[in-house]
Amino acid sequence: MESAKFVLEKDETNSKKDKSIWRANINTPDEVEDWLKEYKAASQTDWIVKDEPKGLQRVEFHKYWQCHLSKRNKVEKSKRNKICPVKLDIKIKKINRFTIRNDPKYLGREIPLPAVITMSNDHTHPTKGCFETLGYLRISEETTEIFYKYFDEGLSPGAAYRMNDLSVKLRPNSGELRANSSVNPTIRMVQHLFDNWRRSEFGQSWGTDPFPKLREKIPAYEAEGTSIHIDDSDSECWACVVVTPIMKRAQKLASSGEIIFTDSTSNVEFTQSTFTLMLTATKGGAVPIAVLIHSAQTTACYIKAYKLLKDNYPNCFGGKEVSTLSDVIHKLI
Ligand SMILES: [Zn+2]
């Protein structure tokens, strides 16, 4: 139990065969969390909070945990249920003249050690350095941040998983790190992270009603030059037009007044919607003039999407005026 920040000393007098007691210069609940973080990393263990008694009179703080491979919160057949009985108990004693009188050895010194850390029993599974146990660790905060960054950049869960695995492979001691799921989570854990990230980015109801979150984000997109127009008056048949700055420029090209190539992809994302790309030919290849997102591939839905485009971008075909919807459809056929 070595630490750069904390002083730890084993209380040999009170420690027993199945219970080791340590004293530490941990003074606040925040410091308990800091120490626990260091301890988790050093011992490659993880802990589930069992209880944190409130309204304490005699001590400053008291909280206890169970090894994460205990039977707590698990079904009997779970691979993570190692029926591990190890408990971790941390108390912070008050420091005053009465407590110092009772505990002079640890409280009466220049740097007092008010925290009493009790670890009971032995783990039923190997801890540090055991590849099997490493695979059960939860994703660390640092790893979560790395993955959130990948998702922000548009990577799918599978691509983010491969990217992270590759970067872990390049690190020293990569064999052990790759087996450590707090650094290199499994694809299932990554999928779960992705679900959390998507909920925070796109809202709770993404998949059934994406529009509240999308409307909230319109000003942010607009500030970057991307325009979004929505027609969700009918929840069964809705449409949305997305036009980015490069698409706005492509709309002005002469080629956009001649031929537009259009193609739809279906069942995109969780809304199972359709993406219809409208592309014009440029010297650099095909460039979209708009992206239409609509709920289904019915005539009514296509008409709704094209109407939304025409209403908002009447001159989108090379600057030529489009007077009627049939004009748009004519341009597109
Ligand atoms: Zn354990």
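Read-outs throughout are calculated quantities, based only on the coordinates presented, and are distinct from any laboratory measurement. Being a predicted model, the structure only gives us computed values, none of them experimental. We place every Cβ from the backbone using ideal geometry, glycine too, and count neighbours over all the protein chains shown.
Do any of Lys19/Lys79; Lys16/Lys40; Lys37/Lys94; Lys50/Lys105; Lys37/Lys128 go past 21 Å between their Cα atoms, and which?
Lys19/Lys79; Lys16/Lys40; Lys37/Lys94; Lys50/Lys105
Once fully extended, how much extra length lies between Thr282 and Asp152, figured as 0.36 nm per residue of separation less the alpha-carbon to alpha-carbon distance?
Length gained, Thr282 through Asp152: 43.9 nm.
Taking Rh as the Kirkwood radius computed over C-alpha pairs, what is the Stokes-Einstein D of the chain at 25 °C in a medium of viscosity 0.890 mPa s, expressed in µm² per second?
98
Label Asn315 and Asn102 with points 7 Å out from Cα along Cα→Cβ: what is the distance between them in nm?
With each label point 7 Å from Cα toward Cβ, the separation is 8.4 nm.
Give a quick list of GluC sites (Glu not before Pro) in segment 93-180 that DSSP marks as loop, anything other than H, G, I, E or B, with at most 10 other Cβ atoms within 10 Å.
Filter output for segment 93-180: Glu110, Glu153.
Using +1 at the C-beta of Lys and Arg and -1 at the C-beta of Asp and Glu, which of Ser255, Ile228, Thr276 has the Cα lying farthest in the positive direction of the dipole of segment 221-317?
It is Ser255.
What fraction, in whole percent, of alpha-carbon pairs in segment 52-165 exceed 22 Å separation?
I get 59 percent for the Cα pairs in segment 52-165 exceeding 22 Å.
Take Lys74 and Glu60, extend 7 Å from each Cα along the Cα→Cβ direction, and tell me the distance between the two endpoints in nm.
Using points 7 Å along Cα→Cβ, the separation is 3.4 nm.
By a straight-distance test (C-alpha under 25 Å), which lysines pair with Lys217 as possible cross-link partners, with residues fewer than eight away in the same chain excluded?
Lys149, Lys248, Lys304, Lys307, Lys310
Over segment 168-312, what is the relative contact order in percent, taking alpha-carbon pairs closer than 8 angstrom and at least six residues apart?
19
At most 15 other Cβ atoms within 10 Å and a DSSP loop assignment: could you name the chymotrypsin sites (Phe, Trp or Tyr not before Pro) in segment 231-284 that fit?
Phe270
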